[in-house]
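Inspection log for the structure reproduced underneath, given as structure tokens.
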Amino acid sequence: MNTRASVRFRQLISILLFATAICVCPASAQQKIATDPAKPKIRAITAFINLDRAQYKEQIADALKMLRRAQITFESRGYEVQTIRIATQPFPEYTKGLTTEQAVAFFKEYDALAVKEKFAAAIGPAMLNAGDSDAQADLLGEILSKTKTLNATVVVAGEEGVRWKAVGAAARVIKKLEATERSQGNFHFAAIAMVPPLTPFFPAAYHTGFGHQFAIALESANVVAAAFKDAPDLATAKQRLTDLLASSAFDIERHAGRVDQETGWAYMGIDLSPAPAGDVSIGAAIENLTTLPVGYSGTLTAAATITAAIKDVKVKQTGYSGLMLPVLEDTRLAQRWSEGVIRLDALLSYSAVCGTGLDTIPLPGDITVDQLSLIIGDMASLAFKWHKPLSARLLPVTGKGPGDKTEFNDSALVNAKLQPLR
């Protein structure tokens, strides 16, 4: 072998060894990442489309192509992707001219498509603007009561203040959905206030532009738990949480940028709200810091600490990006609710320094529309006062009162004891 050939041979061997290394190392690294207790899951990759009834199936197919490619991208990097989702503009924009029966028939078809293709669907607000007719909210009640998986909202506050007509309309939707099987219909509905477009979490997700965009939501209560465990003081806990969230968030953002470039769908940001799921508990994470049950003194400070840490992560953020305390999606929060340790007024006070408002709150079935309106109005007033995104997802249960336990059979929900209103 001549000298030139010998050199070329050694170069080829070096290249092959390098290629082998980069093929092998990421796999082991991914295995390590996948078992890392402080690594978040991706709760949702949410696509935003401007739905056209005449060609919506083609639009859905196009969105799913992007979403599945994004899912593969993230999963190949060691992230568990729990759901892919599609959200639209407010549904009254694409149901104009339809009767109630026609609109319900269309959404039953859309619901069946979502089940078949295994994506979650949000159809946007019934009332987006201050002057919108509350008849659209009544139509929404019909739609959600006749479908299984669709999500939607009513906007109850905006820049001009609380919209009391919308508050009452949202309360009527809640009472109607209480009559669904096991009263679970309200899991897919929320009254929202000051929640911006392009929020990837459901039921709040919607958009107002041209669509062809996507955003990401995390499930990262475990990250908060890891950051707060044995933290010697608040400053250390906050910095640990910022560092842990940033480590994953910048990595996720990098891969999202790749999806953007490869598919032409615009990446709009990440909602860093540390959503819980059952035993992956934000309540337990808070108790790691305060060493007291959630609802005791120190909980509000913990809520403020989490939110401040989130705000310090310098990625492109969207949505709520604050602490979430969904009572019936979190084993520890459901326990503290059942014990009467946390109540509605406490959750509202925490919302002043953090997250989403009143989320998955179990309520007695004899609650009236007026009582629901008062609860929603409190949330909306707080959102307007502090110009922050909040929502109310309230779950009254037919036939059950204080002391009774809910009997939801949705895998996303934890059952808890109902508490009296006050």
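Any residue at all in the stretch 162-182 that is part of a helix (DSSP H, G or I), among the charged types (D, E, K, R), under 24 Å from Ala63 (Cα atoms) and within 23 Å of the chain's Cα centre (by Cα)? Please lay out each step first, then the result.
First, pick out the residues of the stretch 162-182 that are part of a helix (DSSP H, G or I): 164-177, 181-182.
This time we only want the ones that are among the charged types (D, E, K, R), so: 165, 172, 175-176, 181-182.
Next cut, under 24 Å from Ala63 (Cα atoms) only: none.
No, that holds for no residue.
Can you work out which of the residues in the stretch 391-413 that are of a type in the set (Gly, Ala, Ser) and in a loop (DSSP other than H, G, I, E, B) is nearest to Val156 (Cα to Cα)?
The initial filter retains those residues of the stretch 391-413 that are of a type in the set (Gly, Ala, Ser), namely 391-392, 399, 401, 403, 411-412.
Subset that is in a loop (DSSP other than H, G, I, E, B): 399, 401, 403, 411-412.
Working: Gly399: 28, Gly401: 27, Gly403: 31, Ser411: 29, Ala412: 26 Å.
Filtering first and then ranking leaves Ala412.
Take Gly264 and decide whether it is surrounded by fewer than 17 Cβ atoms within 10 Å (Cβ to Cβ) and under 17 Å from the mean Cα position of the chain (by Cα).
No, not satisfied.
Keeping to the stretch 324-346, report how many residues are free of Cβ contacts under 8 Å to residues at least 24 places away in the same chain and either under 20 Å from Ala225 (Cα atoms) or hydroxyl-bearing (Ser, Thr, Tyr) (or both). Quick ask: steps written out before the conclusion?
Filtering the stretch 324-346 for residues free of Cβ contacts under 8 Å to residues at least 24 places away in the same chain gives 345.
Filter once more, keeping what is either under 20 Å from Ala225 (Cα atoms) or hydroxyl-bearing (Ser, Thr, Tyr) (or both): none.
The total comes to 0.
How about the stretch 360-406: which of its residues are closer than 22 Å to Trp164 by Cβ, free of Cβ contacts under 8 Å to residues at least 40 places away in the same chain, touching a strand residue (DSSP E or B) at 6+ places or on another chain (Cβ under 9 Å) and among the charged types (D, E, K, R)?
Asp378
Answer yes or no as to whether Ile367 is modelled with pLDDT of 95 or more and either part of a loop (DSSP other than H, G, I, E, B) or exposed (fewer than 15 other Cβ atoms within 10 Å of the Cβ) (or both).
Details: modelled with pLDDT of 95 or more: yes; either part of a loop (DSSP other than H, G, I, E, B) or exposed (fewer than 15 other Cβ atoms within 10 Å of the Cβ) (or both): yes.
For Ile367, the condition - modelled with pLDDT of 95 or more and either part of a loop (DSSP other than H, G, I, E, B) or exposed (fewer than 15 other Cβ atoms within 10 Å of the Cβ) (or both) - is met.
Are any residues in the stretch 291-306 buried (at least 23 other Cβ atoms within 10 Å of the Cβ) and either in a helix (DSSP H, G or I) or aromatic (Phe, Trp, Tyr) (or both), and if so, which ones?
Across the stretch 291-306, the qualifying residues are Thr299, Ala302, Ala303, Thr305, Ile306.
Can you report the number of residues in the stretch 25-58 which are assigned to a loop (DSSP other than H, G, I, E, B) and either under 30 Å from Gly209 (Cβ atoms) or modelled with pLDDT of 50 or more (or both)?
8
Whether any residue in the stretch 139-151 is touching an Asp or Glu at 6+ places or on another chain (Cβ under 9 Å), under 30 Å from Phe74 (Cβ atoms) and of a type in the set (Lys, Arg) is what I want to check.
The answer is yes; a qualifying residue exists.
Might you check whether a residue that is free of Cβ contacts under 8 Å to residues at least 24 places away in the same chain, of a type outside the set (A, V, I, L, M, F, W, C) and not in a helix (DSSP H, G or I) occurs anywhere in the stretch 139-150?
So in the stretch 139-150, the residues free of Cβ contacts under 8 Å to residues at least 24 places away in the same chain come out as none.
For the stretch 139-150, residues free of Cβ contacts under 8 Å to residues at least 24 places away in the same chain, of a type outside the set (A, V, I, L, M, F, W, C) and not in a helix (DSSP H, G or I): absent.
The values are calculated or read from the model by the stated rules, or taken from the named source; none is laboratory data. Worth saying up front: this structure is predicted, and the values here are computed from it rather than measured. Every residue, glycine as well, gets a Cβ built from its backbone with ideal geometry; the counts of neighbours run over all protein chains shown.
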